[in-house]
Amino acid sequence: MAPRTEFLTVPNAADEYDTYLLQAANMILQGATCETVAAYLDDIISGSMALGPPSEAVHRASLLTAEAISAYLQVDRASF
């Protein structure tokens, strides 16, 4: 059975942060590694949010976020 993806197509996400996380989830569903997704989140921080280059701690938080999304999606898939 195909994974659920309807939550990834919400055209009017509550705010831009929802959009960033939905894109991260979509990347994972398409096979991106957690490191690739973390780099995407780091780019959001440094580019869109204009907060400068991410520190080691910020990158670690991006990676943990990507890993949490991946774990959630794996659990969600297992429920089918």
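The values are calculated or read from the model by the stated rules, or taken from the named source; none is laboratory data. Everything numeric here is computed off the predicted structure, so don't read it as measured data. A quick note on method: Cβ atoms are made from the backbone with ideal geometry, for glycine too, and the neighbour counts reach across all protein chains shown. Ligands, DNA and RNA are stripped out before the accessible areas are found, and what is left, the full protein with its side chains, is counted by its heavy atoms. Shrake-Rupley method; radii C 1.70, N 1.55, O 1.52, S 1.80 Å.
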Practice prompt. May I ask you to evaluate 6.51 cos²θ - 1.76 cosθ + 1.60, the Karplus curve with θ = phi - 60°, for each residue of region 54-69 and list the ³J(HN,Hα) values in order in whole Hz, giving x for glycine and proline?
Written response: x, 6, 4, 5, 5, 4, 4, 5, 4, 5, 5, 5, 4, 5, 5, 4
Worksheet entry | Relative contact order for region 12-75, counting Cα pairs under 8 Å that sit 6 or more residues apart, in percent | 35 percent
Item to complete: For 27, 49, write out the residues from largest to smallest accessible area, computed with a 1.4 angstrom probe and no ligands counted.
Response: 49, 27
Worksheet, complete the sentence: Reported to the nearest 10 Å², residue 70 has, with a 1.4 Å probe, an accessible area equal to 30 Å²
Worksheet item: Considering only the other residues whose Cβ falls under 15 Å of the Cβ of residue 37, what net charge follows from Lys and Arg at +1 and Asp and Glu at -1?
Response: -3
Practice prompt. Provide the net charge surrounding residue 61, with neighbours chosen by a C-beta distance below 15 Å and charges set as Lys +1, Arg +1, Asp -1, Glu -1.
Written response: -4
Practice prompt. Keeping all protein chains in position, work out how much accessible area residue 33 exposes to a 1.4 Å probe, and write it in Å² to the nearest 10.
Written response: 80 Å²
Discussion item. Not counting ligands, DNA or RNA, and with a 1.4 Å probe, what is residue 58's accessible surface area in Å² rounded to the nearest 10?
Written reply: 50 Å²
